[in-house]
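Worksheet for the structure shown next.
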Amino acid sequence: MWLINTTSLALEFIEDPETCIYAILSHTWGDNEVSFQDMADVKRARKKQGFSKIQRTCQLALDRNIEYAWVDTCCIDKSSSAELTEAINSMFHWYKQSHICFVFLSDLLSIKYLYSCRWFTRGWTLQELIASEEIEFYDAGWNLVGTNDSLRGSLAEITGIDEEILNDSDMLQTVPVARRMSWASSRRTTRVEDLAYCLFGIFDVNLPLIYGEGQKAFLRLQEAIAQEKNDLSLFAWTCPGEEMLPLHRRRKFRGMLAESPAEFIECRGLQRISDPGIIPAEVTITNQGFKFSDMLAGGDGEYLLRLDCVARGHELAMGLANTIAIRLVRTAHGYVRHQFSRHTDENNSWLQKNVVSSLPIPKTISPAESQSIITRLRHRFSLHCITNNAPFFLEYNVQKAPLHLWDHATQSFITDGYEYFTGIIDIKVTVEIVKGLSYSLSQGTSKAATRLIIIFGLVSQSNIHYPSGKQLRPWAAIYTDDKYSRPLSQILAQEKTHGFPHVARKAREFVTSREGDTLGPQLPTRCRRSDAPLAPFTIDPFLEYVLSTELVETPDTSLCKILVQPSRDATMQDT
């Protein structure tokens with residue numbers, strides 16, 4: 001660590017700074033600052049405008065019999081990437097170990113204007129305020145205006161930092177990550193990367209510097225925090241101003257990570273839930289994104305991931321503490337975040353977890369990727385089995401494939417916009433006849449079963465009105481397990497040995513080979529009961545099952561509803 005000798009004003013290298021006493025300066029940079037190279041010639045350095053700050057700092061230290069001082073403009077050799085990396089990773093510790101910190105407020109003319117000082121808007125000064133144990137504040141004329149003790153209330157009000165943190169930086173680790181991020185939400189740095197680098201000490205993180213990486217620096221910081229700390233408040237950021245962005249930058253979907261500390265501005269009152277009965281979720285980071293060892297609450301077309309923290313803002317006065325969750329939408333291979341405001345509920349009624357969250361959530365999603373997800377989520381299929389009124393009771397045992405594309409929240413298949421998407425629904429229909437009716441079954445049974453197989457999917461058609469030149473259309477066909485459809489049953493049986501993609505391809509080929517090469521409205525929509533059913537009827541109340549489809553179009557969704565019903569009058573129930 002390079003330190004300034006307060007008597008000679010020359011730089012001296014101290015191997016272990018903890019063996020000496022030094023003062024430190026906190027300030028905002030101005031024009032014509034003194035560099036490390038300038039200090040090789042103190043005479044030349046004196047000619048620079050920034051030297052006056054160095055001289056005054058050394059004089060204040062000397063008045064207290066402090067032998068050394070540290071000033072960031074001239075005590076770091078920024079031409080050495082190794083030294084710069086060490087300095088930035090050590091800076092919080094250096095300020096904490098200093099004997100005293102002098103804060104020079106170059107634009108403060110009167111203490112009543114303290115709140116408007118530029119010093120409170122800069123990124124680097126945040127850790128300097130928190131880390132330093134003893135601070136003296138000086139105005140533009142180097143007049144003492146107060147200390148961190150005398151100004152603590154004002155400092156807390158201006159910065160949003162808790163007074164207990166300003167009093168003892170060792171308490172930092174008790175503050176939720178999102179609330180710490182909120183302290184930097186209105187601060188700025190000259191370099192984009194520094195907005196992340198200046199927070200290393202706040203989160204006790206050490207990372208290499210990569211100037212030129214831009215906003216990736218803040219993403220790396222968040223990843224490092226997630227790996228080191230089990231604090232889901234990291235994901236409590238919001239982006240309410242998304243609709244104000246230019247069209248090419250707007251996103252309907254985002255990943256799990258924020259783009260800057262500014263997105264944590266609404267987290268200033270956030271607190272962790274202290275209930276020991278809540279088992280914290282384990283977070284794993286892979287090249288696919290984040291995975292959580294927790295269940296999601298699913299319903300109404302979306303999923304909710306609870307962050308185990310509460311908002312303490314205006315609700316505090318009313319005695320309310322709202323648990324925070326974020327909204328997720330299923331995609332073909334994971335989840336994405338949408339509606340970038342937080343979800344809260346006073347009664348926690350929505351926290352009935354019913355979906356295993358084994359799928360990943362991407363770290364980030366670009367505007368182009370968001371638009372692609374909108375397109376891929378457009379085409380869906382849902383299933384509705386219709387049951388008959390008395391005197392018959394119908395039970396549908398439904399097996400859906402591919403099961404990993406079944407979206408629990410929307411009760412529909414995700415097709416991912418794949419033009420060769422093929423799905424299979426295998427239904428066992430059990431008919432129970434109410435006693436005392438004229439219908440009878442063979443062997444004296446009161447139940448009979450029929451197997452129905454529905455093959456459905458997408459097919460592309462040329463359409464010059466679509467950007468891709470193609471339009472996706474849904475199709476569906478229904479079969480029963482009779483002698484004509486036995487090959488289909490044999491195809492379905494191959495899933496365990498060959499996998500579903502093979503089965504889907506063969507099932508699609510079966511449909512085209514039987515019905516013709518064109519997949520469309522001419523496909524079979526009726527099927528008669530098998531000639532050798534599982535439990536044959538003597539008198540069969542349902543000789544036929546009917547498939548119908550309904551296409552429901554919205555600006556974002558094209559949902560093909562598949563309806564299955566017996567050939568008698570019926571009422572609809574969703575499975």
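Starting from the residue with the highest accessible area, list Lys112, Lys363 in decreasing order, probe 1.4 Å.
Details: Lys112 135, Lys363 55 Å².
Listed by decreasing accessible area, they come as Lys112, Lys363.
Taking the DSSP beta bridges in region 65-220 as the whole, what percent of them are antiparallel, to the nearest 5? It would help to have the intermediate numbers written out before the result.
Numbers: 3 of 8 bridges.
About 40 percent, rounded to the nearest 5.
Go through Met91, Met171 and list them by solvent-accessible area, largest first, probe radius 1.4 Å.
I get Met171, Met91, largest accessible area first.
Just list whichever of Lys470/Lys561; Lys47/Lys96; Lys252/Lys363 have alpha carbons separated by over 20 Å in the model shown. Walk me through the intermediate numbers first.
Values: Lys470/Lys561 22 Å; Lys47/Lys96 31 Å; Lys252/Lys363 15 Å.
Beyond 20 Å: Lys470/Lys561; Lys47/Lys96.
Given a Förster distance of 51 angstrom, what is the FRET efficiency for Thr554 paired with Glu86, based on the Cβ-Cβ distance and rounded to 0.05? Don't skip to the answer; put the middle values down first.
On the way: r = 56 Å, r/R0 = 1.10.
The pair Thr554/Glu86 has a calculated efficiency of 0.35.
Take every DSSP beta bridge whose two residues both sit in region 1-99, then give the antiparallel share in percent to the nearest 5. Walk me through the numbers on the way to the answer.
Working: 5 of 8 bridges.
Antiparallel: roughly 60 percent of the beta bridges in region 1-99.
Return the distance in nm (one decimal) between the two label points of a simple spin-label model at Ile374 and Ile285, each offset 7 Å from Cα along Cα→Cβ.
3.0 nm
So how exposed is Asp31, as accessible area in Å² (1.4 Å probe, rounded to 10)?
Surface open to solvent at Asp31 totals about 120 Å².
Pull up the cross-link candidates among the aspartates and glutamates for Lys112, meaning alpha carbon to alpha carbon under 16 Å and not fewer than 8 places away within one chain.
Asp139, Glu157
Given a Förster distance of 51 Å, report the FRET efficiency between Ile21 and Lys428 from their Cβ-Cβ distance, rounded to the nearest 0.05. Let's see the in-between values first.
Numbers: r = 83 Å, r/R0 = 1.62.
Once the sixth-power term is evaluated, E becomes 0.05.
How much length would be gained if the chain were fully extended between His93 and Asn397, taking 0.36 nm per residue of separation minus their Cα-Cα distance, in nm to one decimal? Could you put the intermediate results ahead of the total?
Numbers: separation 304, 0.36 × 304 = 109.44 nm, distance 6.43 nm.
My answer for the length gained is 103.0 nm.
Give the lysines whose C-alpha is closer than 19 Å to that of Lys428, dropping any in the same chain fewer than 8 places away, or say none.
List returned: Lys400, Lys447, Lys483.
Counting only the heavy atoms of the protein chains, how much of Lys470 is accessible to a 1.4 Å probe, in Å² to the nearest 10?
Only protein atoms counted, so the area is about 100 Å².
At a 1.4 Å probe radius, which order do Glu136, Glu18, Glu495 fall into by accessible area, largest first?
Details: Glu136 20, Glu18 115, Glu495 80 Å².
Ranked list, largest accessible area first: Glu18, Glu495, Glu136.
Among the chymotrypsin sites (Phe, Trp or Tyr not before Pro) within region 165-259, which fall in a DSSP loop and have no more than 15 other Cβ atoms within 10 Å of their own Cβ?
Details: sites: Trp183, Tyr197, Phe200, Phe203, Tyr211, Phe218, Phe235, Trp237, Phe253; in loops: Phe200, Phe203, Tyr211, Trp237.
Counting only loop positions with at most 15 other Cβ atoms within 10 Å, the chymotrypsin sites (Phe, Trp or Tyr not before Pro) in region 165-259 are Tyr211.
Mind running the shape call on region 171-270? Use the C-alpha gyration tensor, a ≥ b ≥ c as the square roots of the eigenvalues: rounded below 1.5 for a/c, prolate if a/b tops b/c, oblate otherwise. Write down the numbers at each step before the final one.
Working: a/c = 1.69, a/b = 1.23, b/c = 1.38.
Here region 171-270 falls in the oblate category.
Amide H to amide H, which residues 5 or more places from Ser106 or on other chains are under 5 Å from it, using H placed in the peptide plane?
Here the answer is Thr28, since their amide H atoms fall under 5 Å of that of Ser106.
Heavy-atom accessible area of Cys239 with all protein chains present, probe 1.4 Å, nearest 10 Å²?
20 Å²
Quick check: pseudo-label points 7 Å beyond the Cα along Cα→Cβ at Ser366 and Arg118, how many nm apart are they?
Distance between label points: 3.6 nm.
Calculated FRET efficiency, Val42 and Glu163, Cβ-Cβ r, R0 35 Å, to nearest 0.05? Don't jump to the answer; show the numbers that get you there.
Working: r = 41 Å, r/R0 = 1.17.
Efficiency, rounded to the nearest 0.05: 0.30.
Tell me which residues come under 5 Å, amide H to amide H, from Gly123 once H is placed; ignore anything under 5 positions away on its chain.
The answer is Arg188, Thr189.
Could you tell me whether region 18-149 comes out rounded, prolate or oblate from its Cα gyration tensor? Rule is a ≥ b ≥ c as square roots of the eigenvalues, rounded for a/c under 1.5, then prolate if a/b exceeds b/c, otherwise oblate. Mind showing how you got there, number by number?
On the way: a/c = 1.40, a/b = 1.24, b/c = 1.13.
In terms of gyration-tensor shape, rounded.
Decide, for region 237-315, between rounded, prolate and oblate: order the square roots of the alpha carbon gyration tensor eigenvalues as a ≥ b ≥ c, take rounded if a/c falls under 1.5, and otherwise choose prolate if a/b is larger than b/c, else oblate. Write down the numbers at each step before the final one.
Numbers: a/c = 1.82, a/b = 1.28, b/c = 1.42.
Oblate is the answer for region 237-315, as a/c is 1.5 or above yet b/c matches or exceeds a/b.
The values are calculated or read from the model by the stated rules, or taken from the named source; none is laboratory data. Being a predicted model, the structure only gives us computed values, none of them experimental. Ideal geometry is used to build each Cβ from the backbone, glycine not excepted, and the neighbour counts take in all protein chains shown. Quick note on the areas: whole protein, heavy atoms, side chains included, nothing else; ligands and nucleic acids left out. Shrake-Rupley method; radii C 1.70, N 1.55, O 1.52, S 1.80 Å.
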